[in-house]
Amino acid sequence: MFKAPAIHIPIGQRSDAAHLENERIRLENLTKGKDVLRQFLLKISYRARSSTTATATTTTPTHISNAVE
């Protein structure tokens, strides 16, 4: 689908001081980031499954498409 070996989806903020000695992440960012990543993976997996079936549709179910737009 992406023709890439990996993707990077950051979930922190600049103020989290990523990769420094006292690295941190706000729990709110972690929770929201997990939700975004979950919905993103659901969306691409649905599209990947749909593209491999003969009766595939090009639409994504509403509960998935509304979450990550």
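If Thr31 passes every condition in (1) among the polar types (S, T, N, Q); (2) modelled with pLDDT of 80 or more; (3) not in a helix (DSSP H, G or I) but one, which one does it miss?
(3)
Mind checking which residues of segment 34-69 are at pLDDT below 85, of a type outside the set (Ser, Thr, Tyr) and part of a helix (DSSP H, G or I)?
Correct list: Arg47, Ala48, Arg49, His63, Ile64.
Can you tell me which condition Ala17 does not meet? The list is (1) at pLDDT below 80; (2) out of contact with any Asp or Glu (no Cβ under 6 Å at 6 or more places or on another chain); (3) small (Gly, Ala, Ser), and all the others hold.
For Ala17, the failing item is (2).
The values are calculated or read from the model by the stated rules, or taken from the named source; none is laboratory data. Remember, it's a predicted structure, so these values are computed and weren't measured experimentally. Heads up, the Cβs are rebuilt from the backbone with ideal geometry, glycines too, and the neighbour counts pull from every protein chain shown.
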